[in-house]
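Worksheet: the structure to be examined is printed underneath.
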Amino acid sequence: GNSVTQMEGPVTLSEEAFLTINCTYTATGYPSLFWYVQYPGEGLQLLLKATKADDKGSNKGFEATYRKETTSFHLEKGSVQVSDSAVYFCALSSINSGGSNYKLTFGKGTLLTVNP
Amino acid sequence: DVKVTQSSRYLVKRTGEKVFLECVQDMDHENMFWYRQDPGLGLRLIYFSYDVKMKEKGDIPEGYSVSREKKERFSLILESASTNQTSMYLCAASPAGNQPQHFGDGTRLSIL
């Protein structure tokens, strides 16, 4: 079946440091890939997405490139801020067994803490 | 703006009770989902629905049922609550097709 593996946290960085959160996946076919972010006390929000190989998703200074050859979708940001402290989830979208609808498979999440 | 509303942020119930968690979306989306979120396990799909009165089991449906009588409302039911169902429950909605899901803020449920 489908699966998503992301680096375990917690990750603690100083403000303006470079961030990488690794994500690899196993899936049949050609899934879409997503990064979601969960701020304290809130639900998940879509951060960025990529729908085909070599696509780069970007938003709020975060980037991730869909690498089919390495089955990866690593999240990066050049300079993190305190406000980026949150839990980050990598996910893939796959069609269900009935062939009619899509569902998400999530990684376990990575807690990022950014200190001033 | 897109909105998924879960009826309670915090809920405390007793073992054996029948528990209802409600979720409403205002986006006219076809698909709705219920997940539970536990530390170290991430999000796990309980049930989802792609149309009114339609439902499909997710990865961990045991001990749960769902109801979707109207397009905008998706209810999760714990038939007889147990302590291992203490968790954060998240509802989500998405349009038909391969589209991102929009999440509610979650219900933190404690079963005593």
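Figures for the structure shown
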read-out: Semi-axes of the equivalent ellipsoid for chain A, Cα gyration tensor, largest first, Å; value: 25, 14, 12
read-out: Whole-percent carbon and sulfur share, accessible surface of the protein assembly as shown, 1.4 Å; value: 48
read-out: B:Arg108-A:Asn22 FRET efficiency (beta carbon distance; Förster radius 25 Å; 0.05 resolution); value: 0.30
read-out: Part-to-part distance (alpha-carbon centres) for the stretch B:58-77 and the stretch A:35-54, which is given in Å; value: 24
read-out: Under 13 Å, Cβ to Cβ, from A:Tyr39 - net charge with Lys/Arg +1 and Asp/Glu -1; value: -2
read-out: Net charge dipole size for the protein assembly as shown [Lys, Arg +1 and Asp, Glu -1 on Cβ; Debye, nearest 20]; value: 500
read-out: Net lengthening on full extension, B:Leu11/B:Asn84 (0.36 nm per residue, minus Cα-Cα); value: 24.8 nm
read-out: FRET E, pair B:Lys70, A:Ile95, Förster distance 22 Å, beta-carbon r, rounded to 0.05; value: 0.30
read-out: Total accessible area lost when B and A pair, probe 1.4 Å, Å² to nearest 100; value: 1800
read-out: Extreme residue, positive dipole direction of chain A, given options A:Leu46, A:Tyr88, A:Thr12 (C-beta unit charges); value: A:Leu46
read-out: Rounded to 5, the percent of DSSP beta bridges in chain A classed as antiparallel; value: 90
read-out: Principal axis dimensions, largest first and in whole angstrom, of the protein assembly as shown by Cα; value: 48, 40, 33
read-out: Other protein chain Cβ atoms within 10 Å, averaged over every residue that makes up A:37-48; value: 4
read-out: Partners for A:Lys77 among aspartates and glutamates (Cα-Cα distance below 17 Å; same-chain residues under 8 apart left out); value: A:Glu15, A:Glu16, A:Asp55, A:Glu63
read-out: Environment charge of B:Leu109, counting only residues whose C-beta is closer than 15 Å and scoring Lys/Arg +1, Asp/Glu -1; value: +2
read-out: Rounded accessible area per residue of the stretch B:62-112, 1.4 Å, Å²; value: 40
read-out: Residue-level accessible surface for B:Lys70, protein heavy atoms, 1.4 Å, Å²; value: 120
read-out: Per residue, the convex hull volume that the Cα atoms of the stretch A:3-61 enclose (Å³); value: 121
read-out: Relative contact order (percent, whole number), chain B, Cα cutoff 8 Å, 6+ residue spacing; value: 36
read-out: Label point at B:Lys57 placed 7 Å out along Cα→Cβ; residues across the stretch B:79-112 whose backbone nitrogen lies under 17 Å; value: B:79-80
read-out: Efficiency of FRET from Cβ geometry, A:Ser14 and B:Lys3, R₀ 35 Å, rounded to 0.05; value: 0.45
read-out: Flagged links, alpha-carbon separation over 20 Å, of A:Lys103/B:Lys71; A:Lys52/B:Lys3; B:Lys3/B:Lys71; A:Lys60/A:Lys103; A:Lys103/B:Lys53; A:Lys108/B:Lys70; value: A:Lys52/B:Lys3; A:Lys60/A:Lys103; A:Lys108/B:Lys70
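The values are calculated or read from the model by the stated rules, or taken from the named source; none is laboratory data. From a predicted model like this one, the values you see are computed outputs, not experimental measurements. We place every Cβ from the backbone using ideal geometry, glycine too, and count neighbours over all the protein chains shown. Each accessible area value is taken on the protein alone, full model and side chains, heavy atoms only, with ligands, DNA and RNA left out. Shrake-Rupley method; radii C 1.70, N 1.55, O 1.52, S 1.80 Å.
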